[in-house]
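I have a structure I would like to understand better, so I am pasting it below and will then ask my questions one at a time.
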Amino acid sequence: MAWDVREVEAGSGDGEGAETRGPPSREAPLAFFEALPVETDFARLADPGVYHPLPAGWVIGLADIERSTDAVAAGGYKAVNTVAAAVIAAIANQLSGRDFPFVFAGDGASFALPREYEGVARAGLAGVAGWAREAFGFRLRTAVVPLEVIRGEGHDVAIARFAASPQVSYSMFGGGGLAFAEAAMKDGRFFLEPGTGNDARPDLTGLSCRFSAIPARHGVILSLIVLPVVGVPAERFSALAGEILSLAGEASDVGRPVPEGGPAQGWPSEGLMIEARTAAARNGRPLWLSTIAVGIRSLLAHLTFMVGMRVGAFEPARYRQEIARNTDFRKFDDGLRLTLDCSPQFADRMAETLRQAEAEGIATTGLHRQDAALMTCFVPVASRSDHVHFIDGAMGGYAAAAAMAFGKAKRRSAEV
């Protein structure tokens with residue numbers, strides 16, 4: 001994300017396809033991250049050479065909803081996505097808009113911060129975990145893992161930045177350290193207690209889910225996860241990721257899930273009660289009062305979009321155009337994650353490509369088909385262009401694809 005909305009300026013970067021931002025103060029804890037080149041060609045991110053190891057002393061924050069597939073089966077995937085995005089919103093709001101590396105995973109999220117912000121990481125994770133339990137009955141596993149521990153176990157965390165648009169960049173993770181940290185968290189290591197009382201009221205300003213589900217235009221919303229098999233040379237997995245991206249980029253029956261004009265918006269929105277719970281977390285008001293306030297605000301916003309009227313610096317037409325460009329429908333986090341709008345025939349071709357990769361021992365994969373996508377939004381200031389939008393499948397999405405991939409990985413381990 002580019003919270004200060006600085007224009008991306010062309011620079012030398014690390015080769016073709018990279019851009020750089022103006023240099024930050026070298027004394028700033030996040031100076032390393034802010035100075036990284038910003039890639040403009042997503043296919044380059046399949047190359048491990050474009051990733052930069054985190055400096056010593058950083059920490060990795062993680063969150064994952066236990067039994068998220070049960071919540072999905074019960075129709076609660078919009079709430080699942082909201083809780084995952086809340087982790088990012090809570091940290092961003094504590095950092096007063098400073099950019100930081102993070103990744104949204106559908107039913108969880110991960111991020112990295114310098115040791116100076118370890119307290120921010122712990123407070124944000126504990127707050128969201130406590131709120132998720134009180135508001136939705138979710139058990140959110142959270143952990144903060146020191147980078148030194150990850151490197152001591154033979155893994156690393158390296159990051160790259162990708163410009164989804166001139167105003168918004170997303171972080172990509174490599175090195176295997178994120179996967180190790182997540183596995184350690186699920187084993188109960190580095191456990192954080194959920195917050196209670198006032199400590200379960202994270203600041204979720206800007207977090208919303210007002211847009212309707214986005215129907216597939218080509219027939220299928222495909223959620224795809226591709227994870228490297230342990231011990232496979234990085235160049236083999238990189239070649240596979242490049243092949244997958246080429247297939248998606250060259251096919252005429254594949255596109256991003258969000259249409260150019262943005263998704264449909266109705267009132268009251270399907271996520272009104274979810275947004276009311278995020279507001280109640282911030283202000284401590286009773287849920288009924290927050291529901292009324294959110295209902296009024298969302299109605300005014302809906303009317304603004306309907307008539308296309310400019311309100312102050314907010315331009316509805318511009319905002320809708322930016323939504324599609326600012327979405328995170330593709331990412332790397334020690335593997336490749338994609339949410340694609342494609343034809344059933346392309347989904348079949350992709351499934352065959354993944355089966356071949358598994359047969360060759362290159363990757364473990366998960367693939368889930370559904371007929372719509374969901375979008376969860378983080379909009380710190382509506383009149384700016386740095387609003388970010390997290391995309392997932394509407395009927396299982398990344399959670400279902402991950403369950404398939406990790407199930408295969410467990411069976412593989414048992415057979416060895």
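Here is a check on your reading of the model: is L204 touching a helix residue (DSSP H, G or I) at 6+ places or on another chain (Cβ under 6 Å) and either outside any loop (DSSP other than H, G, I, E, B) or at pLDDT below 95 (or both)?
yes
Name the residue, out of T278, T291, that is modelled with pLDDT of 80 or more and over 23 Å from the mean Cα position of the chain (by Cα).
It is T291.
Taking A239, is it touching a strand residue (DSSP E or B) at 6+ places or on another chain (Cβ under 8 Å), surrounded by fewer than 19 Cβ atoms within 10 Å (Cβ to Cβ) and small (G, A, S)?
The answer is no for A239.
Would you please list the contacts, defined by Cβ atoms under 6 Å and residues six or more apart or on different chains, that run from a residue in the stretch 147-164 that is at positive phi to a residue that is part of a loop (DSSP other than H, G, I, E, B)?
none
Considering every residue within the stretch 328-344, establish whether at least one is in contact (Cβ under 8 Å) with a residue 24 or more places away in the chain, in a helix (DSSP H, G or I) and in contact with a helix residue (DSSP H, G or I) (Cβ under 9 Å, 6 or more places away or on another chain). Give the derivation first.
Within the stretch 328-344, the first condition is being in contact (Cβ under 8 Å) with a residue 24 or more places away in the chain, and the residues that meet it are 328-344.
Those left that are additionally in a helix (DSSP H, G or I): 344.
Checking the rest, the ones that are also in contact with a helix residue (DSSP H, G or I) (Cβ under 9 Å, 6 or more places away or on another chain) come to none.
Within the stretch 328-344 (the criterion being in contact (Cβ under 8 Å) with a residue 24 or more places away in the chain, in a helix (DSSP H, G or I) and in contact with a helix residue (DSSP H, G or I) (Cβ under 9 Å, 6 or more places away or on another chain)), the answer is no, since none of the residues qualifies.
Rundown of residues vs (1) surrounded by fewer than 24 Cβ atoms within 10 Å (Cβ to Cβ); (2) under 30 Å from R320 (Cβ atoms), yes/no style:
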{"position": "I362", "(1), (2)": "yes, no"}
{"position": "L374", "(1), (2)": "no, yes"}
{"position": "A382", "(1), (2)": "yes, yes"}
{"position": "K408", "(1), (2)": "yes, no"}
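Consider the stretch 138-172. How many of its residues are touching a helix residue (DSSP H, G or I) at 6+ places or on another chain (Cβ under 9 Å) and within 30 Å of G76 (Cα to Cα)?
12
Kindly indicate whether any position in the stretch 250-266 is surrounded by 15 or more Cβ atoms within 10 Å (Cβ to Cβ), assigned to a helix (DSSP H, G or I) and in contact (Cβ under 8 Å) with a residue 60 or more places away in the chain.
no
Quick one: is V311 surrounded by fewer than 19 Cβ atoms within 10 Å (Cβ to Cβ), of a type in the set (A, V, I, L, M, F, W, C), farther than 25 Å from A401 by Cα and in contact with a His (Cβ under 9 Å, 6 or more places away or on another chain)? Talk me through it step by step, then tell me what you get.
On the way: surrounded by fewer than 19 Cβ atoms within 10 Å (Cβ to Cβ): yes; of a type in the set (A, V, I, L, M, F, W, C): yes; farther than 25 Å from A401 by Cα: yes; in contact with a His (Cβ under 9 Å, 6 or more places away or on another chain): no.
Here the answer is no, as V311 does not meet what is asked.
Between residues in the stretch 311-323 that are within 17 Å of S165 (Cα to Cα) and residues that are buried (at least 16 other Cβ atoms within 10 Å of the Cβ) and among the β-branched types (V, I, T), which pairs lie under 7 Å by C-beta distance while being six or more apart or on different chains?
The qualifying pairs are I323/V258.
Determine, yes or no, whether G127 is touching a Pro at 6+ places or on another chain (Cβ under 9 Å), on the phi < 0 side of the Ramachandran plot and either surrounded by fewer than 23 Cβ atoms within 10 Å (Cβ to Cβ) or at pLDDT 95 or above (or both).
Criteria met by G127.
The values are calculated or read from the model by the stated rules, or taken from the named source; none is laboratory data. The model shown is predicted, which means the values in this text are computed figures rather than measured ones. We place every Cβ from the backbone using ideal geometry, glycine too, and count neighbours over all the protein chains shown.
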